[in-house]
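> The structure is given below, and queries will be raised subsequently.
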C-alpha cells in the first residue's frame, strides 16, 4: 500500500513539474471550445443545443492529447523494469499511476465544461449536470486512454495510434456523459439514468483496465 | 484440443486439404445464390428491387460481427496458451472482418439512399457497425505500428479482448444514445417476418459468405505461415553464407594490416 501511495505522489509531482500539470490539456480543451462556435456559426440556439456534445467531445480530445506521456518514457528508461522488480503488484501500480495522472491533469476539465456550457448559452442547471457527468466520466476516459497508451508505448508517433485505439472504446462514456447534459435540456427524467450509467461505465473501466494496462506492459518486459 | 491443432505441420496438412474445397464450394454457392437472390427471388412489395441489396448486406453484417468474435476468441487462445497459430488466425481474420464491415456499411448506404432518402443516417445499428469498423482499424494499426512481432501479437491480443468485452457496452450505449432523441424511429427492421421466398436465397447467400470467409482466412493463415518460414529460411541462408565466407578467410575481418 505504501508503494502505491509513493507512486501516486511521484506521478502527481511528475505531472506538475515536467509536463506543466493540467495547463497543456486545459489550454487545448479551451482552444477546442473556443473554435467550435467559429465552425458552427454564432446562432445561440444551435450553440445551446450542440453544447453538451461539443463540450464532452472537447474534453475527450484533451484526454487523448497528453496520454502519450503516461507510459511512453517508462518503457525506455528502465522505470518499467523497476516497477516489475519492486515486488508490488504491477496492476496496482498501473492503477495508481493512471489515477494520479488523471487527478493531476484533468481536474480543470469539469470546470471548463461548466464555464463552456454557460458560454454556449446552456442553462446553469444543464451546464452543472454536464460538468458532473464529465467529472464522473474523467476516470474512465483517462483509464482507457492509459490503456491505449500502454499498448502503444514505445511506438513512434504514438499519439495518433492512441487516439485510434481509445476512441471506439470511449464511445459509451461519451454517449452517457454528454447524454446527461442533453437530457437536462429536453428530457429531465433521463438525467439520473445518464449520470448513473456514466458512473457505471467509469467503474467498469476502473475494475478492468488496470489489468489490461499491466498485461500490455508485461508483454513489453518479456 | 487446442494443442492438437496448434501444430503448424498438422495445420498445414489440414489447410491444404480443406482450402480448395472451401473456395470450390464458395464458388458453387455463389453460382446458385447470386442469380437466385438477384434475379429469381420476388421483389419486395414495398422496397421493390432494392430489397436485393439485403442479400449482400445482411451476410456481410453477420460476418463482420462473427469475425470480431473469432478475432477475440483466437486472441484469447493466443494470450492464454501462446499458440502462434492462434495469433496467425487473428492476423488473418482482422482484415477480412474489416472488409466485411466496410461492405456492410457501403451496401447499407446504397440501400439507404433510395429507401430513407439519405446515404447515411445516424441510426443505432449503423453507428455500432461504424464503431466496429473503427475497432478493426485500431487493431490493424496497432499491429502494423509495432515492429517486434511477438510484442505486436501480445498487444494485439490484449486490444482484441478489450474490444470484445467493450462491444456489448458500446452497442447498448449507442442504442441508448439513439433512443434518447428519436423514440419510435422510422427505421425499424422488425416489420413482417421475412417470407420463405426471401429466406431461402438469404440462407444460401449467408452460407456462401461464411464459406468464402473461411476460405479467405485459411488461405491468409497459410500465406502468413509460409511467409514467416520463407523469411526464416532466407535469414538462415544469409547467416550460413556469412559464416562460410568468414571461415574461408579467417583473418579477413580482424586483420588491421589488411584493412590499412
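> Viscosity 1.306 mPa s, temperature 10 °C: Stokes-Einstein D of region A:1-121 from its Kirkwood Cα radius, in µm² per second? Could the numbers behind the result be given before it?
Details: Rh = 15.9 Å.
Result for D is 100 µm²/s.
> In Å, the Kirkwood hydrodynamic radius of region A:77-139 over pairs of distinct alpha carbons? Kindly include the intermediate steps, with their values, before the conclusion.
Details: mean 1/r = 0.0728 Å⁻¹.
Computed over region A:77-139, the radius equals 13.7 Å.
> Here's a follow-up. Which residues in region B:75-116 have a backbone N closer than 20 Å to a point placed 7 Å from the Cα of residue B:7 along the Cα-to-Cβ line?
B:78, B:81-89
> Moving on to the next point. Using only Cα atoms, find the angle between the long axis of helix A:2-17 and the longest principal axis of chain A, and express it within 0 to 90 degrees, rounded to the nearest 10.
Taking Cα atoms only, the helix is inclined about 60 degrees.
> Hey, another quick one. I need the per residue convex hull volume for chain B, using only the alpha carbons, in cubic angstrom as a whole number. Let's see the in-between values first.
On the way: hull volume 51.8 nm³, N = 260.
Each residue corresponds to 199 Å³ of Cα convex hull volume.
> A follow-up question, please. Label the protein assembly as shown by shape, choosing from rounded, prolate and oblate, from the square roots a ≥ b ≥ c of the eigenvalues of the Cα gyration tensor; if a/c is under 1.5 it is rounded, and otherwise prolate applies when a/b is larger than b/c, oblate when it is not.
It comes out oblate by the Cα gyration axes.
> What translational diffusion coefficient, in µm²/s and rounded to a whole number, does the Stokes-Einstein relation yield for region A:103-172 at 10 °C and a viscosity of 1.306 mPa s, taking the hydrodynamic radius as the Kirkwood radius over Cα pairs?
On the way: Rh = 13.3 Å.
The Stokes-Einstein estimate is 119 µm²/s.
> Pop a pseudo-label 7 angstrom from the Cα along the beta-carbon direction at both residue B:81 and residue A:34 and give the gap in nm to one decimal.
Using points 7 Å along Cα→Cβ, the separation is 5.8 nm.
> What ranking do B:22, A:94 get, fewest neighbouring Cβ atoms within 10 angstrom at the top?
Details: B:22 19, A:94 28.
By the 10 Å Cβ count, ascending, the order reads B:22, A:94.
> Any chance you could get the radius of gyration and Dmax over the Cα atoms of region A:132-212, in Å?
Radius of gyration, then largest Cα-Cα span, for region A:132-212: 14.0, 47 Å.
> A follow-up question, please. I want to check the label-to-label distance for residue B:197 and residue A:16. Put each point 7 Å from Cα in the C-beta direction and report it in nm to one decimal.
According to this spin-label approximation, the distance is 7.6 nm.
> Using the alpha carbons of region B:17-116, what is the convex hull volume per residue in cubic angstrom, as a whole number? Working shown, then result.
Values: hull volume 9.9 nm³, N = 100.
Given the Cα convex hull of region B:17-116, per-residue volume reads 99 Å³.
> Please give the helix B:149-181 orientation as an angle from the longest Cα principal axis of chain B, in degrees from 0 to 90, rounded to the nearest 10.
Here the helix axis deviates by roughly 20 degrees.
> With the cut-off at 1.5 for a/c, could you classify region B:199-247 from its C-alpha gyration tensor as rounded, prolate or oblate?
Details: a/c = 12.88, a/b = 11.96, b/c = 1.08.
Prolate, since a/c reaches 1.5 and a/b exceeds b/c.
> Further, regarding this structure: Along the three principal axes, how long is region A:45-188 when you take its alpha carbons, biggest first, rounded to the nearest angstrom?
Between the extreme Cα coordinates on each principal axis of region A:45-188 lie 55, 28, 21 Å.
> What angle, in degrees between 0 and 90 and rounded to the nearest 10, separates the Cα long axis of helix A:191-221 from the longest principal axis of the Cα atoms of chain A?
20 degrees
> Rounded to the nearest 500 deg cm²/dmol, what is the calculated helix-only ellipticity per residue at 222 nm for the protein assembly as shown, with -39500 (n - 2.57) per DSSP H run of length n ≥ 4?
So the helix-based figure for the protein assembly as shown works out to -28000 deg cm²/dmol.
Throughout, read-outs are computed from the coordinates displayed, never taken from laboratory work. Keep in mind that what you see is a predicted model, and the values were worked out from it rather than measured. Every residue, glycine among them, receives a Cβ derived from its backbone with ideal geometry; neighbour counts consider all protein chains shown.
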